[in-house]
1. So for the pair residue 87, residue 262, with labels modelled 7 Å out along Cα→Cβ, what separation do we get in nm?
2. Using a basic spin-label model with each label point 7 Å from the Cα along Cα→Cβ, how many nm lie between residue 127 and residue 322?
3. Could you tell me how many degrees, from 0 to 90 and to the nearest 10, lie between the Cα long axis of helix 262-271 and the main elongation axis, the longest principal axis, of the Cα atoms of the chain?
4. Fewest first, what order do 150, 216, 31 take by the number of other Cβ atoms within 10 Å?
5. For 44, 246, 170, what's the fewest-to-most ordering of other Cβ within 10 Å of each Cβ?
6. By how many nm would the segment from residue 353 to residue 394 lengthen if fully extended, with 0.36 nm per residue of separation less the alpha-carbon distance?
7. Need one word for segment 154-265: rounded, prolate or oblate. Basis is the Cα gyration tensor (sqrt eigenvalues a ≥ b ≥ c); a/c below 1.5 gives rounded, then a/b vs b/c decides.
8. Please compute the Cα-Cα pair-distance distribution of segment 340-416 with 5 Å bins starting at 0, giving whole percents from short to long.
């Protein structure tokens, strides 16, 4: 079979490698893969030319912290009781599809407490049956009873129902034997990585972000088993004490880290541990946006005010560090979970260099997702995952909410703008 060639004429090009927008660049694509990148590339016979000279071109972007399992953020807590596995699976696919159309060709699903059959959605997309962002999946949150990962606490006023629901959460339990078996099961069913809920959170009613919700014995069982099975581990964590403990256990990376201090930063930098800081969910607290905070649950709103000063200081510490940062939205309130470009707004308002943000959403995230051999940069041999943007990506905070072109593995999909949502 003859190869199919496509040439993209770029306006400006950010390739995920150089911190610059290159002029007059072209990308030659052979079937699913990038063949060459340069100026004045030869136009082969029957080559399809796509003129994007009016756009800034980037690698297909990656969101490294997505909860795709719900359609509407206002109904997320109803999922505790009312939504079926089938409904949750459809929601997962909907998020993957909408993320793709918004210019994010890969999303990292960060785990859920109930079945959503994300691995089936991932498989259907990979096999070409459905259009959607490539998925990197941790199927279940590993969590202890009453922790931030135990959503049965939302019906805690009826202990019989709460206890029954907890038994249906495959990743929720207690003790080293439980968690050793849980890691093995996640690996068996095809998990790409392990996600643990090691601390409390902001949204849940009965815990706090500084809580440590796994014993050293439980953590050791998780990390020892993961090392034996050659699978990486990330953790939901906020406070310095827990983050330092996790780094000593040899964790690959951490999600959130919002209460970061300078001592913990040094440990991140010395060990190369990555952080996906998920700025977006806490931006309203940083900006003291009472209207946005009021849309969140009473527990979420109360804790944002309680921890507001520490959130502001933690943000300052993170952005002034040399920690390897990933880009992740963690949208579970106020905005749709496929509005991946909203994290860009939070980073820009924090005064972060736009190239650092773009690197986090491309090269860094590909490495965090362990798929940097196939995507994350525009280089020969990698998949032709390419996005195009009509707004100024170095100055416009809404640039990544307004996609104008998207290609995944050499196939063009419709691009959608989420600027008016």
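Bear in mind that the values in this text are calculations on the coordinates, not laboratory data. Just so it is clear, the model here is predicted, and its values are computed rather than measured. Ideal geometry is used to build each Cβ from the backbone, glycine not excepted, and the neighbour counts take in all protein chains shown.
1. 5.1 nm
2. 4.7 nm
3. 60 degrees
4. Numbers: 150 26, 216 12, 31 15.
By the 10 Å Cβ count, ascending, the order reads 216, 31, 150.
5. Details: 44 13, 246 26, 170 17.
Ascending Cβ contact count within 10 Å gives the list 44, 170, 246.
6. Numbers: separation 41, 0.36 × 41 = 14.76 nm, distance 0.83 nm.
Roughly 13.9 nm would be gained on extension.
7. Values: a/c = 2.07, a/b = 1.10, b/c = 1.88.
Because a/c hits 1.5 or more and a/b fails to exceed b/c, segment 154-265 counts as oblate.
8. In order of increasing distance, the bins hold 3, 15, 22, 24, 21, 11, 2, 0 percent.
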